[in-house]
Amino acid sequence: MDEIKGIDLLVVDDDPDFRGTVARRFLRRGYRVHEASDGAEALAVADRRDIDVAILDMIMPGMNGLELLKRLKAAVPECEAIMLTGQGTVESAVEAMKLGAYDYLSKPFPLAEIELLIQKAYERRQLTKENRQLKAVLGRSQPNDEMIGQSPAMQELFRVIQRAGPTDKAILIQGESGTGKELVARALHRASPRAERPLVAINCAALPETLLESELFGHEKGAFTGAINAKQGLFELADGGTLLIDEIGEMPGPLQAKLLRVLEDGSLRRVGSLKERRVNVRLLAATNRNIREEVQAGRFREDLYYRINVMSLDLPPLRERTGDVPLLVEHILGAGWRIEPDALETLRNHPWPGNVRQLINALERAKIMADGRVIRLQDLPNEIAAARGDACDSHPTGAVTDDLATIQRAHVVDVLRRERGNKARAARALGVNRRSLYRLLDKFDIQMVAEHGSVE
């Protein structure tokens, strides 16, 4: 069974001949085998490695098998244990099972018998792990994951997803804020052989470095102030499935090095731990930055860039697929709603610096203001309806500027003026986060005069 190979097996027995025989058999089968001659040595191994299945001799000098079982299950709760003895009794077997042992064998026994038990114990360990992963993933928010679009750009994107999804390679998803990078990641996951396993997502821009490290790699109890319990990281929760790291361009340098190691050999250590754990995770990375430029500027590791960019997907901004706006509007509004033609035309002609996220925000606000489940021009947010009026006033002959950047800059400036320079409110109105707003200010060279709340 290929899925059984590569597990961490701990063999604890004070008989070196028996221990060596078992170790050699399973090393040949592709297991990672760790040996220990007594309980103290076994616990030391468990401190360094994430043991999947342990074979424990019941009778050993010093710490006996039952005491070792108690301490091992306390240290590694998901580890499955098989108890061995040459002097088996019903009482010791019952006690071992009560303490969480998977099964019990009396010496001597055929090695094929214990191999079958190890496989079954590992399968139970994986089932327990999957149940825990499912509970954790269901506890995280799951947004609507339907992708909408009939434009040539979206049709090409769908085609690439169908080709790239079934592979196991890392993919870099690039696009402006609000273009739907997480939706693409979910589509890639659904198209992959890992579709029945967890998809876990994290946004690097949302957390400071110390918390980001703990979220990704987990931590041990007492690793830092406030770490009152040990915690699994998202790599462990996503084991066997897919991990989406959003805004990877925001990841600090030290964490980039730690991420590279996981991608190279699947090994990681929790914060505050020396124990090496192994995971099998497909990585999807998303960014609204130009990572190649970040590499050239020395802010992103070149070796990590090539690891995450086996293939890249570039998401089109909404302004480049305005033909999809009516479909998106219909989907976002839902059944029973309609929109008047002039309002829809206004939405189609808007530059949408915040892309689909901004469109969703605008329509949700319009639904609050609407009467009779009909969206009219006056129901749209002021900055969108006013932008249409400003465009008409600025071009009375019907001429429209071809300079899209000029239109976008004017729209951002107008929103900032309406919000009296309040960046938090302006970002919400534009449908972007504050970091993205700062990038727009820098891109368009928009100067804020703080003491007057004015914009230049």
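If you average the sequence gap of Cα pairs under 8 Å that are 6 or more apart and divide by the length of the chain, what percent do you get for the contact order?
Rounded, it is 11 percent for the chain.
Once you have the Cα-Cα distance between Glu95 and Ile148, take 0.36 nm times their residue separation minus that, and quote the gain in nm to one decimal.
Here the segment from Glu95 to Ile148 would lengthen by 13.2 nm.
Can you give me the convex hull volume of the Cα atoms of the chain, divided per residue and expressed in Å³?
Roughly 183 Å³ of hull volume per residue.
Any chance you could list P(r) for region 227-371, counting all Cα-Cα pairs in 5 angstrom bins from zero, rounded to whole %?
2, 7, 14, 15, 11, 10, 10, 10, 9, 7, 3, 1, 0
Aspartates and glutamates within cross-link reach of Lys107: Cα-Cα under 17 Å, excluding same-chain residues under 8 positions apart?
Cross-link targets: Asp13, Asp14, Asp15, Asp17, Asp57, Glu91, Glu115.
Can you give the local net charge around Ser267? Use residues other than it whose beta-carbon is closer than 14 angstrom to its beta-carbon, Lys and Arg +1, Asp and Glu -1.
+3
Calculated FRET efficiency, Lys221 and Arg261, Cβ-Cβ r, R0 22 Å, to nearest 0.05?
Between Lys221 and Arg261 the formula returns 0.40.
Taking R0 as 35 Å, what's the FRET efficiency between Phe158 and Gln378 from their Cβ-Cβ distance, rounded to 0.05?
0.45
Want the number for Ala40 to Ala112: 0.36 nm per residue separation, take away the alpha-carbon distance, what's left?
23.1 nm
Report the gain in length on full extension from Asn229 to Val310: 0.36 nm times residue separation, minus Cα-Cα distance, nm rounded to one decimal.
Using 0.36 nm per residue and subtracting the Cα-Cα distance, I get 25.5 nm.
Taking region 152-316 as the region of interest, what is the percent of Cα-Cα pairs per 5 angstrom bin, listed from the shortest bin to the one with the maximum distance?
2, 9, 18, 21, 21, 15, 9, 4, 1, 1, 0
For region 2-137, take the convex hull of the Cα atoms, compute a quarter of its surface area, and give me that in nm², please.
Orientation-averaged projected area of the Cα hull: 8.1 nm².
Of all DSSP beta bridges in the chain, what percent run antiparallel (nearest 5)?
Expressed as a percentage, antiparallel bridges in the chain total about 15.
Along the Cα-to-Cβ line of Glu293, 7 Å from the Cα, sits a label point; which residues in region 221-257 have backbone N less than 15 Å from it?
Once the point is set 7 Å along Cα→Cβ of Glu293, 249-250 turn out to lie under 15 Å by backbone N, inside region 221-257.
Return P(r) of region 52-132 (all Cα-Cα pairs; 5 Å bins starting at 0; whole %; ordered from short to long distances).
In whole percents, the pair-distance histogram is 3, 16, 27, 26, 18, 8, 2, 0.
Only loop residues by DSSP count here, and only those with at most 13 other Cβ atoms within 10 Å; note down the chymotrypsin sites (Phe, Trp or Tyr not before Pro) in region 271-309 that meet that.
Loop-located and lightly packed - none at all.
Every read-out reported here was derived from the displayed coordinates using simple, explicitly stated rules and does not represent laboratory data. Predicted model only: the values in this text are computed from it and were never measured. Neighbour counts run over all protein chains shown; Cβ positions are idealised from the backbone, glycine included.
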